[in-house]
Amino acid sequence: MKFVISLGGSVFEGDVEKIKKFAKTLDDISEIHQLFIVVGGGKMAREIIDKARKLGASETMCDYLGIAITRINAMLLAFAMRNSAKKIPKDFIEAEELSRSHKAVIMGGTFPGHTTDATAVLLAEFVKADLFLNATSIDGIYSEDPKKNPNAFKFEKISPRELIELVAREEAKAGVNVVMDVLAAKILERSKIKAIVFKGEPENIRKVIDGEKIGTVIT
Ligand code: UTP
């Protein structure tokens, strides 16, 4: 099967052992399945964006900085994996071409104006993925930010339309931290690709691939 995984930048914030564990899991899965992994920028992107904004950079410029960081993280993961292409594609056509010779292809962001979740969903649409996996910092989609409201509830299942309405309330700024950006939700709606949002741990990626029910299903 063909899977696209959006891997949040938080993965790269720990020690290298964490990156190694992800790399091993992803390598093992790619022995059987075709993988495309889109890597986020995490804290490093947010810090650099914050600095640039204070220096007067436009939001678009901040997005370009975010993209640069995501590509650095993509390179880090590519070094750690045995099955992945070492070249980090700049667009979806290049990613698709690389997948003909590699069981795993890793990329970062592409264009300003959205996050790597949207990049990953667009890639999933482009390559006609069987499933989109969003490995993120929380264990699913909540009615509200659970850090701000302890009464927020987790959705077992949500439609792309409901998700669009939920995330449309959020602010559109470079480096902003929401569960999924609105463009990603809209592309999910039009592509009809099934998606699962779950806490980004190596064993959880394995569980989702094996069909175990965790996180929130978007369908
Ligand atoms: P991320 O995808 O890391 O954003 O991209 P995020 O919401 O912080 O995600 P997590 O926390 O890693 O899961 C970092 C920033 O890079 C720019 C945006 O400014 C984004 O907020 N970016 C990224 C783009 O403009 N285009 C892209 O295709 C990707």
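The values are calculated or read from the model by the stated rules, or taken from the named source; none is laboratory data. On a predicted model such as this, the values are computed, not experimentally measured, just so you know. So basically every Cβ, Gly included, is an ideal-geometry build from the backbone, and we count neighbours across all protein chains shown. Only protein heavy atoms, including side chains, enter the accessible area calculation; ligands, DNA and RNA are left aside. Shrake-Rupley method; radii C 1.70, N 1.55, O 1.52, S 1.80 Å.
Note on segment 80-123: Kirkwood hydrodynamic radius from all Cα pairs is 10.9 Å, rounded to one decimal.
If you take every DSSP beta bridge whose two residues both sit in the chain, what share of them, in percent to the nearest 5, is antiparallel? If I count the DSSP bridges inside the chain, around 15 percent turn out antiparallel. Net charge of the neighbourhood of Ala152, taken over other residues with C-beta under 11 Å away and scored Lys/Arg +1, Asp/Glu -1, is +1.
Based on C-alpha pairs under 8 angstrom that are at least 6 apart in sequence, the chain has a relative contact order of 25 percent. Magnitude of the charge dipole for segment 1-55, about its Cα centre and with charges confined to Cβ atoms of Lys, Arg (+1) and Asp, Glu (-1), is about 320 debye. Counting heavy atoms of the protein chains alone, Leu76 has an accessible area of about 70 Å² for a 1.4 Å probe. Here segment 130-172 is scanned for amide nitrogen atoms under 16 Å from the site 7 Å beyond the Cα of Lys18 along Cα-to-Cβ, giving 135-139.
In the context of the full set of protein chains, residues of segment 68-145 present 42 Å² of accessible surface per residue (probe radius 1.4 Å, heavy atoms only).
Surface composition of the chain: carbon and sulfur make up 54 percent of the accessible area, probe 1.4 Å. Extension gain for Lys194-Ile72 works out to 41.1 nm (0.36 nm per residue, less the C-alpha to C-alpha distance).
Near Arg71, once Lys and Arg are set to +1 and Asp and Glu to -1 for all other residues with Cβ below 15 Å from its Cβ, the sum equals 0. For the chain, just say rounded, prolate or oblate: build the C-alpha gyration tensor, square-root its eigenvalues into a ≥ b ≥ c, call rounded for a/c under 1.5, and beyond that prolate if a/b exceeds b/c, oblate if not. Rounded, because the longest to shortest axis ratio a/c is under 1.5. Scalar couplings 3J(HN,Hα) for segment 204-218, obtained by applying the Karplus form with A = 6.51, B = -1.76, C = 1.60 to θ = phi - 60°, are 6, 4, 4, 4, 4, 4, 7, x, 6, 8, 9, x, 10, 8, 9 Hz; x denotes Gly and Pro.
Ordering Tyr64, Ile29, Met44 by the projection of their Cα atoms onto the charge dipole of segment 14-101, which places +1 on the Cβ of Lys and Arg and -1 on the Cβ of Asp and Glu, puts Met44 at the extreme positive end.
Is segment 1-130 best put as rounded, prolate or oblate by its Cα gyration tensor, with a ≥ b ≥ c the root eigenvalues, rounded for a/c under 1.5, and otherwise prolate when a/b is larger than b/c, oblate when not? Oblate, because a/c is 1.5 or more while a/b does not exceed b/c.
Among Asp145, Asp63, Asp91, the residue with the largest mean-square fluctuation in a Gaussian network model of the chain, with springs joining Cα atoms closer than 10 Å, is Asp145.
Scoring 114-123, 49-58 by mean Cβ neighbours within 10 Å over their residues and listing the highest first yields 114-123, 49-58. Once the Cα-Cα distance is subtracted from the 0.36 nm per residue extended length, the Arg100 to Lys157 segment shows a gain of 17.2 nm.
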